[in-house]
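A.B. asks: Below: one structure in structure tokens.
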Amino acid sequence: MNNEEFFNQYSDFVNDEYLNMVEQSSAPATPASGELRLYAGDDGKWHVKDDAGIVATLGELSDEWIDVADGATMDFDLSSNTNKLKFLCAALTDDRTFTISNPSEGYVFLIRIVQDSTGTRIPTWFEAASEVVTITIAAPGVITTSFDMKTGTPVKFTTTDTLPTGITAGTQYYWIRTGATTGNVATTKANALAGTQITTSGSQAGVHTMGVQIIWPEDTVPTLTTSKHAYDDFAFIVHAEAQITGQIISQDL
């Protein structure tokens, strides 16, 4: 984070027209009553100490790449004190499954995917969120979830046994919001926006899980560059719980 970004993000803590940084060999003393001391620690983070001596950590000093080792499953951990992260994947040596952990509303992150000397490596993208849901046999079928999602959000279902007729495991559907914790699904985004719901029938068994998918432009999952040693950059925004949008930044670099 540079000084301008810091000022924009933490201007509420600064009363002076200018911010003067003074190098010290140790953390600053507790400030006088009603004041705050702002400092950069040797841990690479911004800190604020209040007049009671309590220290709050604000954010990272650097936006350097975070290395993610190659592996069958590659996780992008968003548990950081900054809301802007850049992940650099090691060269993929096979098809991979991507996951994320600790997403928070307002976070922005970039992922650079690198092909190895063979190329043609394809990742399975992470889901924005997933949880166990209930589905009724009805016209239309009603799904109950804790996620409050906007109409048109893409979702997929898995089950430990049998889903109701009308819903197929692994097929992408589109959410139709009927309430904060309930909704129906449609076969296309256009149908979802038009309110054309799926009717469920037959019987069901087992535990059903709904996975909320990334929202891509034009509702199209991007095709990666698969040539040898190529890399592609993708940016993501966590808008809310179970709402992540993705965008191609650059390809075939």
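A.B. asks: Please go through the range 197-225 and give me each residue that is under 17 Å from the mean Cα position of the chain (by Cα) and part of a loop (DSSP other than H, G, I, E, B), ordered by number.
C.D. replies: The answer is Q213, I214, W216, V221, P222.
A.B. asks: Go through (1) free of Cβ contacts under 8 Å to residues at least 60 places away in the same chain; (2) in a strand (DSSP E or B); (3) exposed (fewer than 15 other Cβ atoms within 10 Å of the Cβ) and name the single condition A190 misses.
C.D. replies: Only one criterion is unmet by A190, namely (2).
A.B. asks: Also: Quick one: count up the residues across the range 152-184 that are outside any strand (DSSP E or B), of a type in the set (V, I, T) and surrounded by fewer than 17 Cβ atoms within 10 Å (Cβ to Cβ).
C.D. replies: Here the count works out to 5.
A.B. asks: Please state which of the following conditions K228 fails to meet, knowing it meets all the rest: (1) of a type in the set (D, E, K, R); (2) in the same structural domain as S104 (by TED's automatic domain parsing); (3) part of a strand (DSSP E or B).
C.D. replies: (3)
A.B. asks: When only residues in the range 94-113 that are crowded, with 18+ Cβ neighbours inside 10 Å and under 8 Å from the mean Cα position of the chain (by Cα) count, which is farthest from S79 (Cα to Cα)?
C.D. replies: Within the range 94-113, the match that is farthest from S79 (Cα to Cα) is F109.
A.B. asks: Go through T30, T73 for me and flag whichever is within 23 Å of L92 (Cα to Cα), β-branched (V, I, T), touching a Lys or Arg at 6+ places or on another chain (Cβ under 9 Å) and at pLDDT 75 or above. Spell out how you get there, then give the answer.
C.D. replies: On the way: T30 fails: within 23 Å of L92 (Cα to Cα).
Unique residue meeting the criteria: T73.
A.B. asks: Take the conditions more than 20 Å from P103 (Cα to Cα), at pLDDT 95 or above and out of contact with any strand residue (DSSP E or B) (no Cβ under 7 Å at 6 or more places or on another chain) and apply them to T160. Does it pass?
C.D. replies: Considered against the rule, which asks whether it is more than 20 Å from P103 (Cα to Cα), at pLDDT 95 or above and out of contact with any strand residue (DSSP E or B) (no Cβ under 7 Å at 6 or more places or on another chain), T160 comes out as yes.
The values are calculated or read from the model by the stated rules, or taken from the named source; none is laboratory data. What you see is a predicted model; the values in this text were computed from it and never measured. Every residue, glycine as well, gets a Cβ built from its backbone with ideal geometry; the counts of neighbours run over all protein chains shown.
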